[in-house]
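Asks: One structure follows; several queries about it will come next.
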Amino acid sequence: SHVKIQCFRAEHFPEWAQAEKRKVEFPRARLGEFARLAHAYGLAAGASVFDAEAVELCARELDFLKLAAREASNHTLIYKTLKAAQATRKPVYRSVPFCVGRGLVSAWPDLKIVTLHARPQYPTPMLTAILELWLFSRYAKKYEIEWGHSSHSRSDLDCVLAAHLGASVIEKHFALAADDPEARHSLLPAQFKRMVDRCQTH
């Protein structure tokens, strides 16, 4: 139901990773085009944001904002993102690599904030993903927060389990070909369709 891009600058990453990241930088001037194309297919369009400019542009052009797990401690970016979402009435999805209480959700009661479990390991071993997912689902239930799962595994098993456990959001990387830069933790089109079908049965 949603499609998301990564709105980063290569310089945001360690120097050793910048050359590879520069190859997949999304052209920010095409955000509006991306949104229109998503809407034509009946999808909401959003982006993971990593800097103040991205927050401003994406809040204006897109339907939702995403905070990546690697930014879970970037309080300046989190605050800017939540303020932009508040001003534009856009929902915020945030991935976290650990269990969190309802502090952020309680502090911004007028915002739709969905917390996604994520392990920033690419790819994530399935046993690790399942164990952490189960623990996270119990934690989310305890604190009565809306939750989801951001998968970096090689399969869809953790996604199907998340749907079974009550996740309202499943995020999975999508690859068009086996040699795509992030294909090791993504699904190809036929695999992605299978995941969606399996998740929707729960």
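Asks: Counting only helical runs of four or more DSSP H residues, what would the 222 nm mean residue ellipticity of the chain come to if each run contributes -39,500 (n - 2.57) and the total is spread over all its residues?
Replies: -12000 deg cm²/dmol
Asks: Each label point is 7 Å from the Cα along the Cα-to-Cβ direction; what then is the distance between the points at K142 and R194, in nm?
Replies: Label-label distance for K142 and R194, simple model: 3.6 nm.
Asks: Need one value: the accessible area of H12 in square angstrom, 1.4 angstrom probe, rounded to the nearest 10.
Replies: Approximately 60 Å² for this residue.
Asks: How many nm is it between the label spots at F13 and L37, if each spot is 7 Å from the Cα in line with the beta carbon?
Replies: Using points 7 Å along Cα→Cβ, the separation is 2.0 nm.
Asks: For the chain, set up a Gaussian network in which alpha carbons nearer than 10 Å are linked by springs, and say which option among K90, K142, K112 fluctuates the most.
Replies: K142
Asks: Taking Cα atoms of segment 48-131, Rg/Rh with Kirkwood Rh, to two decimals?
Replies: 0.99
Asks: Still on this structure: Would you mind checking the radius of gyration and Dmax of segment 52-202 based on alpha-carbon positions, in Å?
Replies: Using the Cα atoms of segment 52-202, the pair Rg, Dmax is 15.5, 43 Å.
Asks: Apply 1/(1 + (r/R0)^6) to the Cβ-Cβ distance of R22 and E53, taking R0 = 25 Å, and write down the FRET efficiency to the nearest 0.05.
Replies: Details: r = 17 Å, r/R0 = 0.67.
With a Förster radius of 25 Å, E is 0.90.
Asks: Taking 7 Å along the Cα-to-C-beta vector as the label spot, tell me the W134-E182 distance in nanometres, rounded to one decimal.
Replies: Roughly 2.8 nm, to one decimal.
Asks: Ok, one more. Got a sec to turn the phi values of segment 118-131 into Karplus ³J(HN,Hα) couplings, 6.51 cos²θ - 1.76 cosθ + 1.60 with θ = phi - 60°, whole Hz, x for Gly and Pro?
Replies: These are the phi-based 3J(HN,Hα) values: 8, 10, x, 10, 10, x, 8, x, 4, 4, 5, 4, 5, 4 Hz.
Asks: Just to confirm my numbers, what's the Cα centroid distance between segment 1-68 and segment 82-147 in Å?
Replies: 20
Asks: To continue, here is another question. Once a ≥ b ≥ c are taken as the square roots of the eigenvalues of the Cα gyration tensor of segment 134-202, is the result rounded (a/c under 1.5), prolate (a/b larger than b/c) or oblate (a/b not larger than b/c)?
Replies: Judged from the Cα gyration tensor, segment 134-202 comes out prolate (a/c at least 1.5, a/b above b/c).
Asks: Could you run the Karplus curve 6.51 cos²θ - 1.76 cosθ + 1.60 with θ = phi - 60° over segment 137-152 and give me ³J(HN,Hα) per residue in whole Hz, x for Gly and Pro?
Replies: 4, 5, 5, 5, 5, 4, 8, 6, 10, 5, 9, x, 9, 10, 9, 10
Asks: Report the local net charge at R60: Lys and Arg +1, Asp and Glu -1, summed over other residues whose C-beta lies under 13 Å from its C-beta.
Replies: Surrounding charge for R60 is -1.
The values are calculated or read from the model by the stated rules, or taken from the named source; none is laboratory data. What you see is a predicted model, and the numbers here were worked out from it, not measured in a lab. Note that each Cβ is placed from the backbone with ideal geometry, even for glycine, and that neighbours are counted across all protein chains shown. When the accessible area is computed, the model is the full protein with side chains, heavy atoms only, and any ligands, DNA or RNA have been set aside. Shrake-Rupley method; radii C 1.70, N 1.55, O 1.52, S 1.80 Å.
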